[in-house]
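For reference, the structure discussed in these notes is given below.
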Amino acid sequence: MKRKRIFLVTISVIFVLFVGTVLYAILKDDDAYRYYTGLGEKISVAPDDSKIAFSYYVDGNESIYTANPDGTHVKQITNSTNQQDHHPKYSPDGKKLVYVSKDAEGIQMLRGINEDGSEGRQLTDSDIHVTDVIFSPDGEIVYFVAIEAEEFKKGERSREGFDLYSIEADGSHMKKLTDTDHFSMNHLTLSPDGSAIYYSEFDGVEERIYSYSPEEGTVNTKPSILSKKIENAQSFYEPQLSSDGRYLVFTEVSKESEESSLFKYDLFLLDLKTQNVERLTDLKTAVTSPTFFHKENKIAFLENTNWPGNPAEYQLMTIDTTTHNIEVVKLDAPQSAGGNRLIQMLDRGVNGLTIAILYMVLFGLLSVYLHYYHKSKAYLPSIVSFAIAILTVVAGFVVGRMVDPWYGIGLWMLAVGIFGCSIVVVLFVFIFKRFAKK
């Protein structure tokens, strides 16, 4: 009776741990940046090259900062409550910044602020979701990419897409400039005279560069800055024009990684006069956010040092376009306060592997208990586990058809995990029964 009581108490404890772990996994905040301290993914260089603006996380709170190009004199200029501030862009005179601020529901609004952090103002409300932004050459107009917030929340079920908007720098006279419903519309960059706004879009095969003419109000899918040969030869990720309009910097999958399971991205420079493409980096990771300096032959960019890990860990770098000399910029940025360590450990400990182990231990203990006290039913927990896997597959088909295909795929992946655990339990019971006989 004592052994039976020990079995029942142990099974009860494992069951409570399993249920508690599953509930915690369901209810916990899955944001990988919840406790993160480090660089965000976008940067902007001031027109006189005196400052670099960037977003930076401190214990999960993302704000806009500025620093000297050598990483010194880091200054926080936004401090929103319950908002994540990122994607800063300097005005042509360097006195103002616009940036994107994400609320608790994931909707991103457009905000403006003076370079010294004063006179913060909201330019758009939560009715539209903003993804990219740039100033006009005179600084009076802000162009931005957005989609209706309600459509954004629908995800892939939405029938709408992204379009280009404009708004005056004081937040007045917002206009929708295009009605093309792009599936993606990214990385705005402006011609020196402001006659064309360039952006990239994935056309199903490659990342292409399109342009919009503010004067004519038309979209051109074949911009004249690219020759047909260059346009068809490769993708253009994160394209950005130099201030004189002579060069286009972009990122692209490195040739040596095209056949691998993990694409790696490097920096490339296109001379728009000669149409020659030059590879600038070979970092064997992923680079992002290339941004030209205005007075020097340099480009600032971010290297994702733990690609493709999440959260992405970036370091700020610069490269001389003539010598290809790369320098790492060590930012004198704030560090984590070190709080919430217990919760962080708990979050890291509660994962799919932990749940799978508790699941197998629970069903294994049930099988051992039944072997000793209801010998003919020792394989019953395994049968129940296989039945759960089959029911999860069926639920995946129903949910995928009636609610959301991605939810259905998620349930199928869960079913695969349960099926794998069931096999392990069956093997354990088989071996245990043979050992127990001896």
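The values are calculated or read from the model by the stated rules, or taken from the named source; none is laboratory data. Since the structure is predicted, the reported quantities are computational estimates derived from the model, not experimental observations. Here the Cβ is made from the backbone with ideal geometry for all residues, glycine too, and neighbour counts use every protein chain on show. SASA here: full protein model, heavy atoms, side chains in, ligands and nucleic acids out. Shrake-Rupley method; radii C 1.70, N 1.55, O 1.52, S 1.80 Å.
Shape descriptor for the chain: Rg over Rh equals 1.08 (Cα atoms; Rh from the Kirkwood inverse mean 1/r). Count Lys and Arg as plus one, Asp and Glu as minus one, and take only other residues whose Cβ is under 13 Å from that of Asp332; the net charge is then +1.
Overall shape: oblate for the stretch 335-438, with the ratio a/c of the largest to smallest alpha carbon gyration tensor axis at 1.5 or above and b/c at least equal to a/b. On full extension, the segment bounded by Lys433 and Val398 gains 8.8 nm, given 0.36 nm per residue less the C-alpha separation. Per-atom-type breakdown for the stretch 9-162 gives carbon and sulfur 49% of the accessible area (1.4 Å probe, protein chains only). Residues of the stretch 280-319 falling in the label zone of Ser336, defined by backbone nitrogen less than 17 Å from a point 7 Å along Cα to beta-carbon, are 305-306, 309-315. In the stretch 23-129, Rg over Rh equals 1.01, where Rg is the alpha-carbon radius of gyration and Rh the Kirkwood radius from pairwise Cα distances. Ligands, DNA and RNA left out, the 1.4 Å accessible surface of the stretch 215-269 is 48% carbon and sulfur atoms. Spin-label model, Ala233 to Lys255: label points 7 Å out along the Cα-to-beta-carbon direction sit 1.1 nm apart. Here the label points at Leu8 and Ala356, each 7 Å from Cα along the C-beta direction, are separated by 3.3 nm in the simple model.
Principal-axis analysis of the Cα atoms of the chain puts helix 380-402 at an angle of about 30° to the longest axis. Relative to the longest principal axis of the Cα atoms of the chain, the long axis of helix 405-437 makes an angle of roughly 30 degrees. Run the reach check for Lys255 against lysines, Cα to Cα strictly under 29 Å, same-chain hits fewer than 8 apart removed. What comes back? Cα-Cα hits under 29 Å: Lys42, Lys222, Lys228, Lys229, Lys264, Lys273, Lys284, Lys298. Just to check, using Stokes-Einstein with a Kirkwood Rh over alpha carbon pairs, what's the diffusion coefficient of the stretch 66-161 at 10 °C and 1.306 mPa s in µm²/s? Approximately 111 µm²/s, per Stokes-Einstein. Computed over the chain, the per-residue total of -39500 (n - 2.57) for DSSP H runs of n ≥ 4 gives a 222 nm mean residue ellipticity of -9500 deg cm²/dmol, rounded to 500.
Our note on the geometry: Cα centres of the stretch 380-409 and the stretch 218-251, 46 Å apart.
Estimate the FRET efficiency between Glu150 and Tyr24 by the formula 1/(1 + (r/R0)^6), using the beta-carbon distance for r and 35 Å for R0, to the nearest 0.05. That pair, Glu150 with Tyr24, gives E of 0.65.
Placing +1 on the Cβ of every Lys and Arg and -1 on the Cβ of every Asp and Glu, with nothing else charged, gives the stretch 304-351 a dipole about its Cα centre of roughly 260 debye. Dividing the radius of gyration of the alpha carbons in the stretch 177-237 by their Kirkwood radius gives 0.94 for Rg/Rh. Reported to the nearest whole Å, the Cα centre-to-centre distance from the stretch 93-121 to the stretch 270-301 is 27.
Taking a Cβ cut-off of under 13 Å around Tyr56, the surrounding Lys, Arg, Asp and Glu residues balance to a net charge of -4, with basic ones at +1 and acidic ones at -1. The residues of the chain have, on average, 53 Å² of accessible surface per residue, using a 1.4 Å probe with all protein chains present. Just checking the listed ones, Phe15, Phe202, Phe135: in the Gaussian network model of the chain with Cα springs under 10 Å, the one fluctuating most is Phe15.
Taking a Cβ cut-off of under 9 Å around His87, the surrounding Lys, Arg, Asp and Glu residues balance to a net charge of -1, with basic ones at +1 and acidic ones at -1.
Helix 352-373: angle to the longest alpha-carbon principal axis of the chain, degrees 0 to 90, nearest 10? The two axes meet at around 10 degrees. Applying 1/(1 + (r/R0)^6) with R0 = 35 Å to the Cβ-Cβ distance of Asp31 and Ser213 gives a FRET efficiency near 0.35.
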